[in-house]
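The values are calculated or read from the model by the stated rules, or taken from the named source; none is laboratory data. All figures in this text were calculated on a predicted structure; none of them were measured in a lab. As a convention, Cβ positions derive from the backbone with ideal geometry for all residues, glycine included, and neighbour counts pool all protein chains shown. When the accessible area is computed, the model is the full protein with side chains, heavy atoms only, and any ligands, DNA or RNA have been set aside. Shrake-Rupley method; radii C 1.70, N 1.55, O 1.52, S 1.80 Å.
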Amino acid sequence: MTQIQEPYMDSVTDDKLFKYKFLAYHDALTNLPNRLYFDSYLQQLMNECKNEQQKFALLYIDLDRFKQINDSLGHKYGDQVLKEATKRLGSCKEEAHFLARVGGDEFICIVPKVGTRSEAEEIASAFIDALAKPFCLNEIECYLSASIGISFYPFDGDDADMLVTYADSAMYRAKNQGKGCYQLANVEKNAGAYETLMFEQELRKAVKQEDFLLHYQPKVDVLKQKVVGFEALIRWEHQQFGMISPQHFIPIAEETGLIIPIGTWVLKEACRQHMEWRHAYQQDFSVAVNISSNQFLEKDFVDQVFKILAEIGMPPNLLELEITESILIQHSELIIQKINQLRTHGIQISMDDFGTGFSSLNYLKKLPVDTLKIDRSFIQDLETSEHSSAIVKAITMLAQYLNINVVAEGVETIGQLEKLKEPKCNQIQGYYYSKPLIATEALRWLQTFK
Ligand code: C2E
Ligand code: CA
Ligand code: CA
């Protein structure tokens, strides 16, 4: 294979011009070839390979969770991460491989003369391992991962756009499979990626048209025989496909950033509904809203919550925000600061799905939350599993010791309810009392609850 011409080297006559041309084809932050250089390289490589019947692999690399770090810690830290990621990718690749930065947190590595598919897969695994190690940003330790899509020339396409597009959608498949892994483009089997794309377009439309609806599930204090609040749970009402569960669309909303407008809509709607109920039912009870990590990490999240409460005229102590443990993975002081800011204004914070994440007892000590919601998986087999029963007891005792409320999620039977009496887990949510209901039914349920 002849040497590929560097695009900034042609017809340079003096040093200054060379410098300008170099800058035009490189990314200033990482010094890597940029998109322009990449396009030129890919085109030349394809011409070469056509003539010499050579193969190559294209690895589309996207950093997972980069946006969160950039948004929460600022661009200075974001830049540091990108530089360090470049160093790590560089140390895994061979000299003949071509690495470019083609977008904010997107890189492409081309492996010329690739022998077998597994050769490209090994390189992808090395990249993933290298990026999974913690990033130390001054005092803060952050964890990232990378999702990679791989396409092969000429099997997956013989034009540049096609190869990049297929590697890109394989990368999205890797993200949907839980991130931190790679997927092959495998064009014949690629129909799934197309569906995901259609789904995303539909979701964008739904956000514009606000095709969503909230259901509300009550939370009951069994000792006081009192309804303490409702949790708002979103549904997507699709004209053609009917009601779509949040478990299906929230992950895509998170991946595409659509969770931000969706989350804002949920907050506003739940607060508005709550105020409407309070006029009809004179007693105090709270409304809980699920907040995804990306939403919580938005710079102006706290201000936005206060603004919504003020606009609606809702007392802050009646709003509860449910967050999950994943938000704490970054151990960021910033998260704790945000939680404190919300709590000083009276907003309640719950830790959702407790017990399923890393549940470190250490962070519970410094974590300023009001409530732990024990995950449904422990409640489900409470009657049959000693193990679950022990975990529920331990969580409840610990929470009582730390002066934190406990809620058991997903209580369906009287047997489970009985089992929760002994550890004095008094707040209950689940089908035993009620499934999530539409607003009018929820109010009726509230008025007839005894
Ligand atoms: P979650 O916050 O853990 O909500 C509880 C889920 O368990 C709800 O499912 C609820 O319908 C279901 N559930 C409650 N009691 C029982 C029971 O006794 N038995 C069984 N089998 N299931 C029960 P749903 O509504 O499908 O929501 C699923 C998840 O989607 C939620 O889990 C939450 O993580 C997410 N989600 C829902 N609404 C929103 C939202 O507005 N924003 C965000 N970011 N996430 C949401
Ligand atoms: Ca929840
Ligand atoms: Ca939960």
With charges only on Cβ, +1 for K and R and -1 for D and E, what is the dipole size of the chain about its Cα centre, in debye, rounded to 20?
1300
Alpha carbon convex hull of the range 211-285, projected area averaged over orientations, nm²
6.3
Per-residue HN-Hα couplings for the range 40-52, Karplus 6.51 cos²θ - 1.76 cosθ + 1.60 at θ = phi - 60°, whole Hz, x for Gly and Pro?
5, 4, 4, 4, 5, 4, 5, 4, 4, 5, 4, 5, 9
Using amide H atoms built 1.01 Å from N in the peptide plane, name the residues 5+ places from Val228, or on other chains, whose amide H lies under 5 Å from its own.
Lys219, Val220, Asp221
Dipole of the chain, positive direction: furthest Cα of Val102, Ala399, Leu82, with charges on the beta-carbon
Ala399
Taking the simple approach of a point 7 Å from Cα along Cα-to-Cβ for both Ser326 and Lys365, what is their distance in nm?
2.8
3J(HN,Hα) from dihedral phi, the range 286-303, Karplus parametrisation 6.51/-1.76/1.60, rounded to Hz, x for glycine, proline
9, 10, 10, 10, 7, 10, 7, 4, 4, 5, 4, 7, 4, 3, 9, 4, 4, 4
Take the alpha carbon atoms of the range 111-245, find their radius of gyration, then divide it by 2.2 N^0.38 Å using N residues; give the quotient.
1.54
Can you sort Cys92, Cys109, Cys136 by solvent-accessible area, 1.4 Å probe, largest first?
Cys136, Cys92, Cys109
With springs only between Cα atoms under 10 Å apart, run a GNM on the chain and tell me which of Lys55, Lys365, Lys435 wobbles the most.
Lys365
Across Thr356, Thr384, Thr396, the residue with the highest GNM fluctuation in the chain (Cα network, 10 Å cutoff) is Thr384
From zero up to wherever the largest Cα-Cα distance of the range 350-440 sits, split into 5 Å bins and tell me the percent of pairs in each.
3, 14, 27, 25, 16, 9, 4, 1, 0
Starting from the amide H of Leu437, placed 1.01 Å from N in the peptide plane, find each other amide H under 5 Å away whose residue is 5 or more places distant or on another chain.
Tyr216, Gln217
Mean projected area (nm²) of the alpha-carbon convex hull when the range 1-98 is viewed from all directions
7.9
Backbone HN-Hα couplings from phi across the range 405-422 [Karplus 6.51/-1.76/1.60, Hz, Gly and Pro as x]
5, 10, 10, 8, 9, x, 7, 10, 10, 5, x, 5, 4, 4, 5, 8, 5, 5
Compute the separation of the alpha-carbon centres of the range 406-450 and the range 220-297 and state it in Å as a whole number.
17
Skip the ligands, DNA and RNA, and give the accessible area per residue of the chain with a 1.4 Å probe, whole Å².
49
In the range 119-160, whose amide N lies under 16 Å from the spot 7 Å out along Cα-to-Cβ of Glu333? List them in ranges.
137-142
Mind checking the angle between helix 386-401 and the chain's longest principal axis? C-alpha axes, 0 to 90 degrees, to the nearest 10.
80
Selected from Tyr182, Tyr20, Tyr166 as most flexible by GNM, with the chain as the system and alpha-carbon contacts under 10 Å
Tyr20
Principal axis dimensions, largest first and in whole angstrom, of the chain by Cα
85, 48, 48
Inverting the mean 1/r over all pairs of different Cα atoms, compute the Kirkwood radius of the range 361-409 and quote it in Å.
11.2
